[in-house]
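In what follows, a structure is listed as structure tokens, so that the remarks can point back to it.
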Amino acid sequence: MRFKPSGEEVTAADVEVERRITEVLADRTPGIPVIGEETAETAEGSLPARCWLLDPIDGTMNFTRGAPGYALSLAYMEEGSPLLGVLHAPALGRRWSTAAAAASTTTRLSNGAQALSRAVVGLTGTGRGNPKAARLIGHLYDEAYRIRMQGAMSLDLVGVAEGWLDACVCLGPKPWDVAAGTALVRERGGAVLGAAGRVFTPDSPLLVAGAPRLARDLIAVWESVVV
């Protein structure tokens, strides 16, 4: 195992899973580049007009400690917007995809909590050295019904889509962390917002997902936090 400059862990499994999936996608969809987390750390500039975004193991810290909260996240992107998404959590024995979500009869976002005071909110991206994140936790403890910190942005977005969570806040999301989950939440009628309450784009410093009113309320909480 090694560590990135950011302090994030990288295992041999991260690298090998990314290599194998990249090879399959290159064979099946030639001409569409694969932007993977482990090979894109030094990449600069915006995303290609069409591409695959791949996080081989989102929640590597959970994976290395034997916790089940990690997932593979794969999305097909056009013009910065995810059109297809697949998430696979092998330790949980679960897989989600946008096509399956469209035909699903599971709980829709409109059935969840609409008010922050009754909402269970997932929170990720709260590594040390971020005083605004620390203060956000305090605000959410005061204003939300419950907070859940599970350590994988992709699974927080799945939680919103499935109804385990009413909303989630992802701080400092990378495109490969959240693209597939964004597609899933949007397909189920949820809002995925970025800074200033605008529609989330890959260059946003945060992501908030949930029912539209709840997502806007969480953006307001974030913007109210003073460092």
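The values are calculated or read from the model by the stated rules, or taken from the named source; none is laboratory data. A quick note: this is a predicted structure, and the numbers were derived from the prediction, not measured. For neighbour counting, all protein chains shown are included, and Cβ atoms are generated from backbone atoms with ideal geometry for every residue, glycine included. These area figures cover heavy atoms from the full protein model, side chains too; ligands, DNA and RNA do not enter into them. Shrake-Rupley method; radii C 1.70, N 1.55, O 1.52, S 1.80 Å.
General observations
- The apolar share of the surface of the chain, taken as the fraction of accessible area on carbon and sulfur atoms (1.4 Å probe, ligands and nucleic acids excluded), comes to 53 percent.
- Amide hydrogen neighbours beyond the local backbone of Asp58, cut-off 5 Å, H modeled: Ala71, Leu72, Ser73
- Remark on Leu165: its backbone amide H falls under 5 Å from those of Val160, a criterion applied only to residues 5 or more positions apart or on other chains, H modelled at 1.01 Å from N.
- Helical mean residue ellipticity (222 nm; -39500 (n - 2.57) per DSSP H run of 4+; nearest 500) of the chain: -10000 deg cm²/dmol
- Degrees, to the nearest 10: 131-143 long Cα axis against longest axis of the chain: 50
- Peptide packing: for 136-142, 177-183, 161-167, the average count of neighbouring Cβ atoms within 10 Å per residue gives the ranking 177-183, 161-167, 136-142, highest mean first.
- Check: the chain dipole with +1 on Lys, Arg Cβ and -1 on Asp, Glu Cβ, in debye: 640
- Accessible area per residue, Å², the chain with all protein chains present, probe 1.4 Å: 49
- Ranked by how many other beta carbons lie within 10 Å on average, peptides 149-160, 26-37 from highest: 149-160, 26-37
- Evaluating 6.51 cos²θ - 1.76 cosθ + 1.60 at θ = phi - 60° for every residue in the range 184-189, the Karplus couplings come out as 5, 5, 5, 5, 8, x Hz, glycine and proline recorded as x.
- Helix 212-224 vs. the chain, principal-axis angle (Cα, 0 to 90°, nearest 10): 80
- Helix 12-28 axis, angle to the chain major axis (alpha carbon atoms, nearest 10°): 70
- In percent, rounded to a whole number, the relative contact order of the chain is 18, using alpha-carbon pairs under 8 Å and six or more apart.
- Per-residue HN-Hα couplings for the range 77-85 [Karplus 6.51, -1.76, 1.60; θ = phi - 60°; Hz; x = Gly/Pro]: 10, 9, 6, x, 10, x, 9, 9, x
- For Gln150, the residues 5 or more places off, or on other chains, whose built amide H falls under 5 Å of its own are Leu123.
- Net charge dipole size for the range 152-208 [Lys, Arg +1 and Asp, Glu -1 on Cβ; Debye, nearest 20]: 140
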